[in-house]
1. If you take the alpha carbon radius of gyration of region 98-210 and divide it by 2.2 N^0.38 Å, what ratio comes out, to two decimals?
2. Determine how large the accessible area of Lys73 is when every protein chain is in place; take a 1.4 Å probe and give Å² rounded to the nearest 10.
3. Summarise the long-distance tail of P(r) for region 375-480 by giving the % of C-alpha pairs beyond 23 Å.
4. For region 360-434, what is the Kirkwood hydrodynamic radius in Å, using each pair of distinct C-alpha atoms?
5. Say R0 is 35 Å: what FRET efficiency, to the nearest 0.05, do Thr402 and Lys73 get from their beta-carbon distance?
6. In degrees between 0 and 90, to the nearest 10, how far off the longest principal axis of the chain does helix 364-375 point, with axes built from Cα atoms?
7. Quick one: net charge of Pro310's neighbours, Cβ under 10 Å, K/R +1, D/E -1?
8. Pull up the DSSP beta bridges for the chain and report the antiparallel fraction as a percent, rounded to 5.
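The values are calculated or read from the model by the stated rules, or taken from the named source; none is laboratory data. Bear in mind that the values here come from a model prediction, so they are computed numbers and not experimental data. Here the Cβ positions follow ideal geometry from the backbone for every residue, glycine too, while neighbour counts run over all protein chains shown. In case anyone asks, the SASA skips ligands and DNA or RNA and just uses the protein heavy atoms, side chains included. Shrake-Rupley method; radii C 1.70, N 1.55, O 1.52, S 1.80 Å.
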Amino acid sequence: MTYEVKSLNEECGVFGIWGHSDAAKMTYFGLHSLQHRGQEGAGILSNDHGQLKRHRDMGLLSEVFKNPANLDKLTGTGAIGHVRYATAGEASVDNIQPFLFRFHDMQFGLAHNGNLTNAESLKQELEQRGAIFSSTSDSEILAHLIRRSHNPNLMGKIKEALSLVKGGFAYLLMFEDKLIAALDPNGFRPLSIGKMANGAVVVSSETCAFEVIGAEWIRDVKPGEIVIVDDNGIQYDSYTNDTQLAICSMEYIYFARPDSNIHGVNVHTARKRMGAQLAREFKHEADIVVGVPNSSLSAAMGFAEESGLPNEMGLIKNQYTQRTFIQPTQELREQGVRMKLSAVSGVVKGKRVVMIDDSIVRGTTSRRIVQLLKEAGASEVHVAIGSPALAYPCFYGIDIQTRQELIAANHTVEETCQIIGADSLTYLSIDGLIDSIGIETDAPNGGLCVAYFDGNYPTPLYDYEEEYRRSLGEKTSFYE
Ligand code: SF4
């Protein structure tokens with residue numbers, strides 16, 4: 001969530017609209033609901049009768065559009081917008097999206113959520129053929145592929161380009177006469193379509209953005225699908241039949257807002273079920289349940305209901321501090337937790353506390369929270385995590401790409417428990433996680449990517465393969 005106490009960061013949020021007289025403003029409100037997906041930069045690109053206009057900058061959406069003139073100038077009935085957290089490419093205004101490409105015969109805008117696994121090799125190949133990149137982001141690659149395609153028509157070019165990029169992607173493309181949305185063949189990232197009462201069509205990374213503008217959800221974009229929205233309505237097409245749903249389970253565990261629905265499952269409800277399942281797997285005696293605010297509160301509710309223990313507010317969050325990830329050193333990170341969270345002594349004193357958190361990344365934050373609870377008088381702190389241990393890196397759009405960063409990749413559960421100073425440590429099982437989310441699908445792992453937990457990546461890793469293989473030592477084949 002926004003300003004979460006966690007070193008795990010989402011990879012961006014996208015929002016698009018077609019057919020509204022105030023398209024840029026609707027996009028602003030939509031992006032506002034997606035701000036938790038990225039706080040480094042934001043931008044909106046509008047379409048006024050085929051004229052594309054854009055404003056983007058570093059910072060939160062409200063800072064980027066602090067001057068109302070920057071939004072007012074984005075006239076037109078179509079728009080796409082983006083909030084960014086940098087997974088690929090450095091933090092600089094050149095990397096803030098939407099990108100805008102102008103050619104002598106056409107122009108288009110692009111917004112991307114995800115991470116390409118073959119970006120480096122594609123970029124090298126394109127540069128050898130004369131392409132010049134204006135950003136260090138992998139998102140620009142699709143534009144070059146579209147432009148360089150020899151296919152005679154635009155949709156052919158787009159389909160060809162989409163079949164060349166690999167990894168996790170949800171794209172929004174704004175052309176002079178249409179808005180296009182496309183999702184990778186595994187649907188790693190969520191993307192939903194909605195409709196407003198006036199007929200305007202909206203596309204968003206999360207359905208929570210529909211609520212704020214009064215749009216109704218129509219359906220989620222399917223893996224490998226292209227959705228074309230123009231003045232004639234919505235058209236569904238695909239660029240590949242080789243698809244299999246493997247949506248990122250971290251969306252349900254941590255990233256998405258609790259009021260969003262993804263593939264028919266409400267995020268809060270899924271988290272509650274994870275908490276209830278965790279209670280069934282938990283083997284210790286305790287007096288109260290305390291969730292780490294905010295993303296663990298739903299799981300704490302489910303745990304308390306299932307275990308019959310009272311759910312108490314033993315930790316309070318200061319809403320007005322920045323996230324810990326912006327502070328580079330371990331020492332500063334540790335201090336950062338204290339700025340963000342306080343333990344409520346009157347609640348936890350003399351109690352055996354079950355501390356519910358959604359995940360452990362480096363262990364730093366967990367250690368500090370356990371310490372806070374003990375300093376406040378908790379007699380025991382049993383840490384229960386609403387997800388399995390994070391032991392493998394992500395290459396599809398989350399910023400952890402090395403195993404060294406993950407405590408569970410380098411330590412056993414017992415060692416981790418000792419390092420964080422807890423009296424016990426329980427992780428949710430992978431099967432428990434899959435059952436708790438419960439998407440209606442025949443796809444493996446209940447339609448989820450659980451590679452973070454078991455290292456079984458749903459796709460080849462392309463440019464990351466060698467490095468990843470090295471990091472595993474003797475293990476040589478990991479996606480068969
Ligand atoms: S590896 Fe983890 S974070 Fe990445 S897509 Fe899969 S479940 Fe999500």
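1. Values: Rg = 14.5 Å, N = 113, 2.2 N^0.38 = 13.3 Å.
It is 1.10.
2. Accessible area, nearest 10 Å²: 100 Å².
3. On the way: 2136 of 5565 pairs.
Value for region 375-480 (Cα pairs over 23 Å): 38 percent.
4. Details: mean 1/r = 0.0764 Å⁻¹.
For region 360-434, inverting the mean 1/r across all distinct Cα pairs yields 13.1 Å.
5. Details: r = 42 Å, r/R0 = 1.20.
The calculated FRET efficiency here is 0.25.
6. The answer is roughly 40 degrees.
7. Numbers: positive: Lys351; negative: Asp287, Glu312.
Spelling it out: positives minus negatives among the neighbours equals -1.
8. On the way: 65 of 83 bridges.
Restricted to the chain, the bridges split so that about 80 percent are antiparallel.
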